[in-house]
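Read through the structure below, which is laid out as structure tokens, and then see the notes.
The values are calculated or read from the model by the stated rules, or taken from the named source; none is laboratory data. None of these values were measured; they are calculated from a predicted model. Don't worry about glycine lacking a Cβ; one is built from the backbone with ideal geometry, like all the others, and counts go over all protein chains shown.
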Amino acid sequence: MTRPGIPTEPIGSLPRPAELLAALADHAAGRTDDAGLADARERAVRDTIGRLEELGSPVVTDGEQSKPSFATYPLAGAPNLAPDGVVIPFADGHHRRLPRLAKGPFRYAQRAERYLRAARSHATVPVKQAVIAPSALSLLYPSDGIEGYSREEFRDDLLAEAEADVRGCLDAGAHSVQLDFTEARLSLKLDPSGGLLETFLDLNNRLLDRFTDAERARIGVHTCPGGDQDSTHSLDVDYAELLPRLFRLRAGAFYLQLASEADPERVLSVVAEHLPVSARVFVGVTDPIDPRIETAEQVRDRVLAAARHLPADRLGTCDDCGFAPFSDDVSTSRETAFAKIRARIEGTALAERELGLD
């Protein structure tokens, strides 16, 4: 059943429980086998979904408890990768590094459908599934090319794999599929001319065009300035430079980081001007990298501010980003994350009442 009023959804990742973090360390050190790690992941997924449902979340995710990261899950176990790929720098000085495709062809080694099916076995409410956008994985192809495997061949393979990833989730009963496109804002930092962003948008639209209108209504796009170890990679890039171009993507929904913006009213005015008439926008009302826990009243006020710019029937709420997009990110506690989610759910309900939508 569709929830009345203003829908609210998590973005994806949640901090892993201590038991899972210990199992990951033991597995890396050879003290736990694959089966032991799988059991710890399964318990973490069950606990995550149970706690989200206890909070009254109308839509849940598995918290990405079984993913190595939001970006690299398709690559786990792939034999044709090298470790020296693109470096993503964060504002606090730390960085993440993508692998590099060493030879073709490009194939996913894992698909998100497996995470979705496992999550749905524990859930009693709809489950959404986050997948990585092909634009992010396009960065795996080296700038100097691969002998015998052209960039065009790579992109054709990448789009086929990304389509299978999304379609598998839709067919397996996902409430919605969320394309994680965190590199959108970053691209304007790497290439202020916008050329890299245009390449990303074209690739993602080529993926979206493989689906029907009804299917695209269940596909959303998430963008943020990154959120890892309490730092971002592109918060200093003007959001207004991204959003008009982002809304050219032919998606049914957009999940936008907003709570951490210095001037959210300005951003909302840009959203109101450029949001496609057929799309819904989920605005971020909690900031995962801020240790302060929002109150329900603060969330309510953020929703009401958005409703002054956007029709309520095109508005939803979400967290700005995932809380732990990489499995080793312990900068935010699990308890803090669930407290913020509680505030999002309760604050959205307060706003619904204010707007007469409950």
- Message: Any residue at all in the stretch 33-54 that's at pLDDT below 95 and polar (S, T, N, Q)?
- Response: no
- Only one residue in Ala35, Ala82, Ala29, Ala76 is touching a residue at least 24 places away in the same chain (Cβ under 8 Å) and more than 30 Å from Ala296 (Cα to Cα), so which one is that? Ala76
- Output yes when any residue across the stretch 280-294 is within 23 Å of Phe90 (Cβ to Cβ), aliphatic (A, V, I, L, M), in contact with a strand residue (DSSP E or B) (Cβ under 7 Å, 6 or more places away or on another chain) and not in a loop (DSSP other than H, G, I, E, B), and no when none is. no
- Message: Every residue in the stretch 17-35 that is in a loop (DSSP other than H, G, I, E, B), in contact with an Asp or Glu (Cβ under 9 Å, 6 or more places away or on another chain) and under 24 Å from Asp228 (Cβ atoms), please.
- Response: Pro17
- Among the residues of the stretch 235-243, is any within 21 Å of Ser69 (Cβ to Cβ) and outside any helix (DSSP H, G or I)? yes
- Task: Spot the failing condition for Gly284; the list is (1) among the small types (Gly, Ala, Ser); (2) buried (at least 22 other Cβ atoms within 10 Å of the Cβ); (3) touching a Gly at 6+ places or on another chain (Cβ under 6 Å), and only one is missed.
- Result: (3)
- Among (1) under 17 Å from the mean Cα position of the chain (by Cα); (2) surrounded by fewer than 18 Cβ atoms within 10 Å (Cβ to Cβ), where does Gly145 come up short? (1)
- Query: Is it the case that Gly12 is assigned to a loop (DSSP other than H, G, I, E, B), in contact with a Leu (Cβ under 8 Å, 6 or more places away or on another chain) and not aliphatic (A, V, I, L, M)?
  - Reply: no
- Task: State whether the residues of the stretch 220-227 include one that is assigned to a helix (DSSP H, G or I) and not polar (S, T, N, Q).
- Result: no
- Test for Ser193: is it more than 23 Å from Leu246 (Cα to Cα), out of contact with any Leu (no Cβ under 9 Å at 6 or more places or on another chain), free of Cβ contacts under 8 Å to residues at least 24 places away in the same chain and not basic (Lys, Arg): no
